[in-house]
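J.: Below you'll find the structure I mean.
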Amino acid sequence: DQQVKQNSPSLSVQEGRISILNCDYTNSMFDYFLWYKKYPAEGPTFLISISSIKDKNEDGRFTVFLNKSAKHLSLHIVPSQPGDSAVYFCAASDGGSYIPTFGRGTSLIVHP
Amino acid sequence: KAGVTQTPRYLIKTRGQQVTLSCSPISGHRSVSWYQQTPGQGLQFLFEYFSETQRNKGNFPGRFSGRQFSNSRSEMNVSTLELGDSALYLCASSFGGPSTDTQYFGPGTRLTVL
């Protein structure tokens, strides 16, 4: 039973446009959410996080939105660049368990 | 600051053999977590070690084990390998733990079981 779901295995976007990657979760105990980016032959790299006390967090071109009532979060990349082409993983955890649960990833391709 | 290193990067084994993977965390990090990544399942948590003690364990059989040394380096062992163990094994280190601190991942060890 997947507690963190990334329903879109892939996403294709034109350079300069907005990329929106979505993530849904089922465990209401999750209170901390992260996004990681992974290039081929490399380990995932932390991108941005958000605590459940917030509904938005920004870092440069990357913004994460959290909708707790819908148990949904999204990552917005504006503007998208070809170097953003990678697999993006959403992860969630609750402070008590220390075990983050990852989604299966969404492969983003940004076309020049 | 040097990143997380994993050795070896690639490994080919046959069914029934055992394998040991190594991970050196970022200096000062006391938490080391291990993950298995497969195309169908994404990243799945194996276990986490903190100050030489296994603090958390995922839902994997006992064939998967690990340990952490006093210098925070960690090893993961898989005994009696099965074809389904073919995967990318990722190690991640953090200062306090994966739930509250940013994890830094190594490049992974690609294990192929024939």
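The values are calculated or read from the model by the stated rules, or taken from the named source; none is laboratory data. Bear in mind the structure is a predicted one, so any value in this text is a computation, not a measurement. Don't worry about glycine lacking a Cβ; one is built from the backbone with ideal geometry, like all the others, and counts go over all protein chains shown.
J.: Name the residue, out of A:P40, A:P44, A:P9, that is touching a Gly at 6+ places or on another chain (Cβ under 8 Å) and within 14 Å of chain B (Cβ to nearest Cβ).
T.: A:P9
J.: Go through the range B:34-45 and report how many residues are modelled with pLDDT under 95 and either under 21 Å from B:V4 (Cα atoms) or of a type in the set (V, I, T) (or both).
T.: First pass over the range B:34-45, keeping only residues modelled with pLDDT under 95: B:37-45.
Applying the additional criterion that residues be either under 21 Å from B:V4 (Cα atoms) or of a type in the set (V, I, T) (or both) yields B:37-38, B:42-45.
Of the residues in the range B:34-45, 6 are modelled with pLDDT under 95 and either under 21 Å from B:V4 (Cα atoms) or of a type in the set (V, I, T) (or both).
This table checks each residue for (1) part of a loop (DSSP other than H, G, I, E, B); (2) modelled with pLDDT of 95 or more; (3) over 15 Å from A:Y36 (Cα atoms).
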position	(1), (2), (3)
A:N57	no, yes, no
A:S69	yes, yes, yes
A:Y88	no, yes, no
A:R104	yes, no, no
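J.: Let me ask another. In this structure, does A:Y25 turn out to be in contact (Cβ under 8 Å) with a residue 40 or more places away in the chain and surrounded by fewer than 21 Cβ atoms within 10 Å (Cβ to Cβ)? I'd like the intermediate steps shown before the answer.
T.: Details: in contact (Cβ under 8 Å) with a residue 40 or more places away in the chain: yes; surrounded by fewer than 21 Cβ atoms within 10 Å (Cβ to Cβ): no.
The answer is no for A:Y25.
J.: Let me ask something else. Exactly one of (1) within 11 Å of another protein chain (Cβ to nearest Cβ); (2) in contact with a helix residue (DSSP H, G or I) (Cβ under 9 Å, 6 or more places away or on another chain) is unmet by A:I77. Its number?
T.: Here A:I77 clears every test but (1).
J.: Return the residues of the range A:28-37 that are in a loop (DSSP other than H, G, I, E, B) and either in contact (Cβ under 8 Å) with a residue 60 or more places away in the chain or within 8 Å of chain B (Cβ to nearest Cβ) (or both); say none if nothing qualifies. Let's see the steps before the verdict.
T.: Taking the range A:28-37 first, the residues in a loop (DSSP other than H, G, I, E, B) are A:28-31.
Within the range A:28-37, A:M29, A:F30, A:D31 meet the criteria.
J.: Here's something else I'd like to know. Consider the range B:87-103. How many of its residues are within 7 Å of another protein chain (Cβ to nearest Cβ) and outside any loop (DSSP other than H, G, I, E, B)?
T.: Of all residues in the range B:87-103, those within 7 Å of another protein chain (Cβ to nearest Cβ) come to B:90, B:97-100, B:102-103.
Pick out the ones that are also outside any loop (DSSP other than H, G, I, E, B) and you get B:90.
Count: 1.
J.: Out of (1) part of a strand (DSSP E or B); (2) under 20 Å from B:S94 (Cβ atoms); (3) not aliphatic (A, V, I, L, M), the odd one out for A:C23 is which?
T.: (2)
J.: Here's something else I'd like to know. Being more than 14 Å from chain A (Cβ to nearest Cβ), at pLDDT 95 or above and assigned to a loop (DSSP other than H, G, I, E, B) narrows it down to one of B:T80, B:T112, so name that one.
T.: B:T80
J.: Still on this model: Give the residue that is nearest to B:S74 (Cα to Cα), with candidates limited to residues of the range B:22-56 that are facing chain A (nearest Cβ under 9 Å) and of a type in the set (D, E, K, R).
T.: Filtering first and then ranking leaves B:E48.
J.: If we keep just the residues of the range B:27-60 that are in contact with a Gly (Cβ under 9 Å, 6 or more places away or on another chain) and of a type in the set (G, A, S), which is surrounded by the fewest Cβ atoms within 10 Å (Cβ to Cβ)?
T.: The residue in question is B:G42.
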